[in-house]
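Please treat every number below as a calculation from the coordinates, not as lab data. The model shown is predicted, which means the values in this text are computed figures rather than measured ones. With ideal geometry, Cβ positions are generated from the backbone for all residues, glycine too; neighbour counts draw on all protein chains shown.
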Amino acid sequence: MNKKILVSTGGGDCPGLNAVIRAISKAAKRTKDWEVWGSMEAFNGILSDPPELMKLTGKKTAGIHVKGGTILKTTNKGNPLKFPMQQTDGSWIKVDRSQELVDRIHALGFNAVINIGGDGSQRISQALHEKGLNIVGAPKTIDNDLSATDLTFGFSTAVQIATECFDKLITTAESHHRVMIMEVMGRHAGWIALHTAIAGGAEICLIPEIPFDLNKILDKIETRYRKGKGFVNIVIAEGAKPKDGNVIGRQAVSIGDQHIKLGGIGNYLRLQLEEHGCKPQIRTTTLGHIQRGGTPVAFDRILATAMGVKAFELVKEGRFGRMVSYKNNQVVSVPLEEAAKGNKFISPDDYLVNIARSTGISFGDE
Ligand code: F6P
């Protein structure tokens, strides 16, 4: 046993993170010459004095694949390139601590790093790799919006949770002849909304990629109520916006937060529909972080385990500067710069959009 891997989980949590950690630990144990350590709260554990680390032994990781969250904890305020530091006068500045991070990782005797995270975390991986760190990435986000992989673990669990909630809303919508709006996550892309709308059988699905026209939504509701007392179920992604409007959210208020906090489009839509004469009663439910919590579904446990094993293989083979990816039903790897490039959006002619339209789902555009 003479080589050491450091594992980090960064950004928002996601069901399946623990399954990746466990898989890396198990795969490493079999080789007998690697030991695995975790940095607590992304790379903040390394930047702390003294460092906050967890040795990922077989005992520590046994059975964790069924648990949501991450035993290493996480943060979205830990970007080492723009690290929040408080000044003596109480004000905050952002400083680049990336070289210091690389130096500390080397000084602690780590031979390689596996960084599990979304697009922001993989941009950090790329920057650290350029500074000479032996690093590989593993992608995660419930939003499923990373361009370099067909799927991310956590997404199937989020869709399952959202669909179960949607099923419950249908029965109450039907009983009260109401319009129910369910807001789901998806800041850049509407994958959770689209999948939930098809699985749940929504009447209307609103996603960031297809800006909606309020009049089209009013027409659809009107049609559903024309023959008597109807009901309507709408799924809306947090990043959806009207044709001539903007996303609803608020600027990040705490220092170090990466982006604006979305949320509120469901209620905005309810108010707009009411103001424009929609007669049926309308209720809004915002699922929020419920979608990120709890036990991962079987598929996500399998995908996360496969990604953990692949990440360890990349380390063992010395193939650094790469990110694990799921493409054409295979777990492969892609260069980190490809992974850091950006988001995967729903094309308006995506086959699932066509399937949704064929089953009568309106995107509020026609
Ligand atoms: O994980 C991605 C995501 O779920 C987005 O859909 C959402 O906007 C964001 O995380 C919210 O994360 P947090 O509340 O942790 O900042």
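For the range 96-151, which trypsin sites (Lys or Arg not before Pro) are in a loop by DSSP, counting at most 16 other Cβ atoms within 10 Å?
On the way: sites: R97, R104, R123, K131, K140; in loops: R97, K131, K140.
Taking the range 96-151 and a limit of 16 other Cβ atoms within 10 Å, the loop trypsin sites (Lys or Arg not before Pro) found are K131.
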Taking Cα atoms only, helix 265-275 is inclined relative to the longest principal axis of the chain by an angle, in degrees rounded to 10, of 10
Based on the mean of other beta carbon atoms within 10 Å per residue, what is the order of 271-280, 290-299, 173-182, most packed first? 173-182, 290-299, 271-280
Could you check what % of the DSSP bridge pairs in the chain are antiparallel, to the nearest 5? 35
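With an 8 Å Cα cut-off and a minimum separation of 6 or more residues, compute the relative contact order for the range 99-185 in percent. Present the calculation step by step, with values, prior to reporting the outcome.
Values: 78 pairs, mean separation 17.3, N = 87.
20 percent.
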Size of charge dipole - the chain - debye, nearest 20, with Cβ of Lys, Arg +1 and Asp, Glu -1, no other charges: 1080
Go through 79-86, 348-355 and give me the packing order, highest mean Cβ count within 10 Å leading. 79-86, 348-355
Cβ-derived FRET efficiency at R0 22 Å, T171 paired with D213, nearest 0.05: 0.15
Determine, from the Cβ-Cβ distance of Q87 and E52 and an R0 of 25 Å, the FRET efficiency 1/(1 + (r/R0)^6), rounded to the nearest 0.05. 0.60
Relative contact order, percent, the chain [alpha-carbon distance under 8 Å, six or more residues apart]: 23
Under the Karplus relation 6.51 cos²θ - 1.76 cosθ + 1.60, θ = phi - 60°, what is the ordered set of whole-Hz ³J(HN,Hα) values for the range 222-228, x standing for Gly and Pro? 3, 4, 5, 9, 4, 8, x
Mind checking the full-extension length gain between H106 and E130? Use 0.36 nm per residue of separation minus the Cα-Cα distance, one decimal, nm. 7.2 nm
Kindly provide the Kirkwood hydrodynamic radius of the chain in Å, to one decimal, from all pairs of distinct alpha carbon atoms. 21.6
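Among W34, W92, W191, rank each residue by its count of other Cβ atoms within 10 Å, from fewest to most, as a rough exposure measure. Intermediate results must be reported in sequence, preceding the final value.
Working: W34 21, W92 11, W191 29.
In increasing order of surrounding Cβ atoms, one gets W92, W34, W191.
Dipole magnitude of the range 156-293 about its Cα centre, charges +1 at Lys/Arg Cβ and -1 at Asp/Glu Cβ only, in debye to the nearest 20? Spell out each step's value before the answer.
Working: 17 positive and 14 negative charges, 52 e Å.
Its charge dipole is roughly 260 debye.
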Note down the nm distance, to one decimal, between modelled labels 7 Å out along Cα→Cβ at K261 and at Y351. 4.0
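Hey, with R₀ at 56 Å, roughly what FRET efficiency would K29 and D365 work out to, going by the Cβ-Cβ distance, to 0.05? Don't jump to the answer; show the numbers that get you there.
Working: r = 52 Å, r/R0 = 0.94.
Step by step, r from the Cβ atoms, then E = 0.60.
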